[in-house]
Each structure stands twice: as C-alpha cells, then as structure tokens.
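Q: Would you mind keeping the following structure in view while I ask a few things?
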Amino acid sequence: MSIDLTPAREAVESLLMLDTCTIREDADGNTDDVLDPVTLQLTDAADAAVVYTGICSVRNREGEAGITADELAMGEYVVSIPHNATRVPRESDRVTIDTSRDPSLVGRLLAVRTVVSKTLLVSRKLLCDSVEDASR
C-alpha cells in the first residue's frame, strides 16, 4: 500500500515554511575556523560548501509544553526544510537563517545536532543549537 504524501508536503511548504535559510557543510568542524579579532568568536571557513538554500521554518523548542531537559539537549531549535532537499543535511552542518517573519532569527547561525528520520516524511526536521548571531 502506497500513501501519497504530496498534498501534505505541499500544504506544509506553502503554509508553514515562511522563512529562508542556507545550509553549509562543516566537514572540518572547528579545525578550519577563523578567529574574528574583534569579537573573538570562531567563524566558519569561507569555503564551506552550500548543501541547501531555500524555504524553511524555524521554531525554538524552549518553553514547549511537556519538553524535557533531555529532549531540549538534543537541540534548542527545529529547522524544517522540504523533504526532497538535494542532500540530506548532516550533523555539524551549519544553518544560517536568511529571512524570517521573526526579525530576531535573521542572521542566526545554528549547528545541526540531529537529523530526524522517519517513514512517512512530510518535511525534513533538523534539531539544531544556536552557535551565534551571524549578523553581529
């Protein structure tokens, strides 16, 4: 038996994915990062490959009803992207929020902690932690 998820996927993408983001591969982790002399923050190397750019939705998990500290430790943000993204993001990839209806999210840099997998995939969910605000 085959279940056609196309209507659900289209609804989620058109109604809920109101933000845009760029996901870059961070294959070398911190080993190739550069220290910003002004902020003293490590920044990702400029040559990080873009693995996805496009629509997404972002939500902060803090304050969710019933969420435990252990669940929150898996990632403080959920970033959802279309199910058919060219490459499935991986742990340690970096997500930059490019546009959002919530101005406080724009420029935020997130690190992918966990990629949620499941059988009936409507959207790809990434559990992420905040790295820094890339706009500052």
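The values are calculated or read from the model by the stated rules, or taken from the named source; none is laboratory data. Note that the structure is a prediction, hence the values are computed from the model and not measured. For neighbour counting, all protein chains shown are included, and Cβ atoms are generated from backbone atoms with ideal geometry for every residue, glycine included.
Q: Taking L105 as the residue in question, decide whether it is crowded, with 19+ Cβ neighbours inside 10 Å, out of contact with any Lys or Arg (no Cβ under 8 Å at 6 or more places or on another chain) and at negative phi.
A: Taking the combined requirement at face value, the residue satisfies it.
Q: Does P7 meet the test of being of a type outside the set (A, V, I, L, M), in a helix (DSSP H, G or I), at pLDDT 70 or above and farther than 18 Å from A85 by Cβ?
A: yes
Q: How many residues are of a type in the set (D, E, K, R) and either touching a Gly at 6+ places or on another chain (Cβ under 8 Å) or at pLDDT 85 or above (or both) when one looks only at the range 54-86?
A: Residues meeting the conditions: 2.
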